Each structure stands twice: as C-alpha cells, then as structure tokens.
Amino acid sequence: MLLSKLGELISEYQPSGTVLVIIGFVAVTHMCGINPDKLRWFLERSTHEVCGNSSRADVPPADFPSFTHIKHVAAPASKSYLHREIIAASLAGHELQLDITDLSDDILATYEAMVKLPNQPPRKNNVINRNASTPERFDIPSTAGHNGVVNRKGESERSGGSMCSRLIIDCKESGTTLRFLLPVVASLGVDAEFKLHGRLSDRPISELNEQLELHGMKITRDTPDSLRISGRLPNQRLQSGEFTFDSPQSSQFISGLLFALPLLESDSVIRIRGRFESKAYVRMTLSVLRRYGIDIRCTSASDEWIYTIPGNQRYVGKVGTVNALEIEGDWSNAAVLLAIGALSGEQLRVTNLPLRSEQGDRRILDLLKEFGIKLRCYPDAISTLNGTVDIYPSEGFKSIDAIDASDCPDLVPIIALLATQARGRTQIYGAKRARLKESDRLSGTCAVLTELGADISETSDGLVIMGTGILSGSYVGDGYGDHRIIMMLAAASLVSEQPVRIHGCRAVAKSYPDFFKVLGRLGFTTKVLSDDD
Ligand SMILES: O=C(O)C1=C[C@@H](OP(=O)(O)O)[C@@H](O)[C@H](O)C1
Ligand SMILES: C=C(OP(=O)(O)O)C(=O)O
C-alpha cells in the first residue's frame, strides 16, 4: 500500500467555524495532454545537477524524460522577498501595484502600509510627499485596520474618512511588517500606530524600540496590541548614529534599520555582537537594497558584524509593479512541498525554485539529501536562476546526527516531521528563536508530533527525534494557529495511520493562502464534515 493512501487530513475552515473539511490523500496520477515539462525537456540543451550552491553540468539521468505522469507544483513567490521588494519599490517613489494572485496576509499587511506612507523623508519645510501632490497630513479613515483596502489584484481603494496626523498600520500577525516598518516610518518622520494581532503582541520588539528611542523616537505601548511611534520632539524623525545589538532576538530588527538608515541625513552604523542568527535574511535584505541603488558596507570579525550606511541616499528602481513572477520562489513553503514528495512515496516535481539563492531555507535541499532522499535539481532553460527539484521515492530515510537551525528557523517543524521517518536519532539545535514565532514552534511541534505518535522531545534550543516510521497516534487541534505547524500537520497525514484533524486551517493564509488548493491538485481529497463527525 502506498504511504500516500494512509493519510487523511481533516480541517476546519474559518471564519465559518462550523464547517469541517476532510482532506484525504489519494494517489491520483496527474494527467495532462501536452506536458509543459516535456516541452521544456526538448528546449533544454543540457541538464545540470546542482550540488550545494554551485552547479555543474551533468548528463541527463536515464529516467529523466518520463514526465507525463509526474505530479508537479510550482513554489509560490518568496514571502520574504515580496516584503522587501514592496518596501524598496515604494521607497523608490513608485505608485505601487501588486500583480500577485495568491496574496498572503503578511504581504497584504506590508502592501497596505506602504501605499499609505510617503516615499521620501520630509523636506526642509516639513511637507511629506507620497507623490508630488500629496498634502502634509494623511487622509486616514477613522476605522482602524480597514483603511487602504486592497483587492487581491492589488488596487488600493481608500474608503474616505477623517483627517488625522497619525497613520494606522495594521500588521496583522506579520513580524516582518512590524519590525521592518517601525524604523522606516521613523526615518520618514511619520507618526504611526501599529496594530498587532495574535502572537505578534508577545513577540520580541524591545531591543529595536530601545535603539529607536536612543535615536530621537518616542514609543508608547498603552495596550499589548498597539504600539505608537513619533518623534520625541515635534517634527523630529529618526536620528542617524550608532545602533547596537547584543545577540539580537530577531534579524528583522537589522533588516528594518537597513531599509531606514540610508534615508537619514547623516551616516549610521549598525554594530552586532554575540550570536547573530537568521543572518541569511539580512543578506536577502542587502541584495534587494543593492538592486535599488542603496550602498551599504559590511565587515565582520569573529563575533562582531558592522554595517556602515551612508546617509542621504535615494532608492532608485525602474518598476512600480511588484510582480510575483519576477520574485524568486519561496524555499520555506517549498520545503513543505518537497517533504510531501518525500513522504508520499511517489515522484513529485517542484518548480519555480531558485537553485542559487540567499534564502537560508534553501538548506532544505541539503537536508533532504542528508536524510537519504533521492532528488534531482536542474535549472530552467530560459531563466537559469530558476530551477526544478524532482523528488523520487526513497527506500528509507537516514537520521541526521545534528542539524543547526540557527539560520533556518522556519524549517524546524517540517524537518522534525521528516526526522520521525528516519532510522535513528536526529537532533535539531540552535533553534531557540523558533519559540518566538507565530507560536512556540519547539513546544508546538513537539506536542503535535507526540500526539501523532512520534518519539520526540524538547531541549532548550531544539528537538530530539527518534525515528519511528508510520505514526500511529491521532491529532485533533488547531496546530497552534501557526501556518508552519498546520502545513507540517498536513504533510504528516501522509504517514499517519489515523486522520489528522486541524481546526482553523485558514491560518495558512499568513504565508500560503493556496496551500490546501495545491494539496487538492496533488491528490489530497477534501470532504466537509458536520460537527457530529
Ligand atoms: O526577515 C525575514 O523575512 C524573516 C526573518 C526570520 O525571522 P528572525 O530573524 O526573527 O529569526 C524568519 O523566521 C521570518 O519568517 C522571516
Ligand atoms: C515567522 C514568520 O514570519 P514573521 O516573522 O514575518 O511573522 C514566518 O513566516 O514563519
């Protein structure tokens, strides 16, 4: 029996709250007439197998062109790059449009904020400009959270409202939106109130706030779900200078400042000492900034990193439309798709993957290989930046002694699931910050996999998993409302004897609104349950 026939996933979509949907995975062969992959095969002159982050030409594998019956799925656009691109394109002065079909909640939060912000710091007379004709004050409807409504095609509609001088930014549950836009707003000299939802009100922010306060800003937190920022003095904006962090709890503090500090009148320095985790995300920030003409110099020595940021810079970019097709694929979400391939016992092709990438979560490729999962990667013929990964049925997974997750914290839940299928003991360490996400992802992952029957335990900074193979427990719950745990649970249904029941699956919209639709296309079937089922 195929593993893929074992799993059954039951989920509840909100906000209806009463509708339960059963999703069972059945091995449905993908049927297609003219196969685009086959066509691409003929167009390609050569195939490359990519090892690590370097690529070498290779002869095509003997079984390579057998495309017709392969299930395939394209990775969605990278959420992290989308946030960055929207901010940079907007600061470059564009009338921002999004061309994205499956817009996630997090990206919507950043977009809605950026279309309301001026794109340049105030001029000497303190007039703030969104565009040439924008007045000094913002037109902000009084209903917080629903202003600047954006349809999913990306057109901004303002619903009218009163004039007030404080901008409302609804971050939803997006840490990136909050931590990137706090410094950006401060650099633009805008008084703003950030609305925080779900776990975002508990996630670390004080280290960034302290630095902003040391540089001319006043931050008030009257309630946990709201944070206000303004200049300490009237019309004061963020002051340049030295910003210091000791083992920062989030790299997003650094990325946010890197977006903001080039806009200040004088030069600044960011100095980081101690442990600097999730560094790959800062590299992503720097790569976007470079494309927008922003000059930042980095030096590092043992446990100190210094970013030197000249002031008075301007973002320069050509396009005002952020198009999902021009953003590289998301390795964090692709990791779940690749794991589904590995666990299903069938061949799966994941396309739209940047084989060379700054994304730390590209690490999943190396981890899959270390787990002993057979895969092949090859770049696209037209844009060699993009590539495809084929996952083949594998005999059995090998455990991995030690996985340092300090640069890829978002992979922790899905790695833990893969480790349950490996022969032996796998330890994940360096993942303390996984506790500081949409949920405590170490205890959440440990709890849900334990309920499913896995042998897993928590350490202070990671997880220890003894591979057991097929999981014989059962799970009913909301996956801690955490998109990454919910997606991992969906994948776990492939190796679980009992149904996996997830309430509130809508939480996946934080990063991957189409996730369950994609599962449907891959052969998972859905069934609506009544409350009595
Ligand atoms: O900058 C980014 O895009 C992100 C940085 C990481 O956060 P930390 O730096 O807080 O680890 C990551 O977990 C998050 O999902 C996205
Ligand atoms: C932690 C995440 O995002 P953010 O920090 O932007 O909320 C995530 O997407 O897993």
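Of the cross-linked pairs 116/318; 116/279; 172/437; 218/510, those separated by over 24 Å at the C-alpha level are 116/279; 218/510.
On the principal axes of its alpha-carbon atoms, segment 232-302 has extents of 39, 28, 19 Å, going from largest to smallest.
About the Cα centre of segment 328-528, how large is the charge dipole given +1 on each Lys and Arg Cβ and -1 on each Asp and Glu Cβ? Please answer in debye to the nearest 20. Mind showing how you got there, number by number?
Working: 22 positive and 24 negative charges, 62 e Å.
Approximately 300 debye in magnitude.
What trypsin sites (Lys or Arg not before Pro) in segment 268-328 are in a loop by DSSP, with at most 16 other Cβ atoms within 10 Å of the Cβ?
Working: sites: 271, 273, 275, 279, 283, 290, 291, 297, 314, 318; in loops: 275, 314, 318.
The qualifying sites are 275, 314, 318.
Please work out whether segment 328-528 counts as rounded, prolate or oblate from its C-alpha gyration tensor, where a ≥ b ≥ c are the square roots of the eigenvalues and a/c under 1.5 means rounded, while otherwise a/b larger than b/c means prolate and anything else oblate? Rounded shape, in that the Cα axes give a/c under 1.5.
Once Rg and the Kirkwood radius are both taken over the C-alpha atoms of segment 274-376, their ratio Rg/Rh works out to 1.07.
Each part gets one Cα centre, and for segment 197-266 versus segment 367-436 those centres are 34 Å apart.
Bear in mind that the values in this text are calculations on the coordinates, not laboratory data. Values in this document were obtained by computation on a predicted structure and should not be read as measured data. Because the Cβ atoms are built from the backbone with ideal geometry, glycine has one as well, and the counts that use them run over all protein chains shown.
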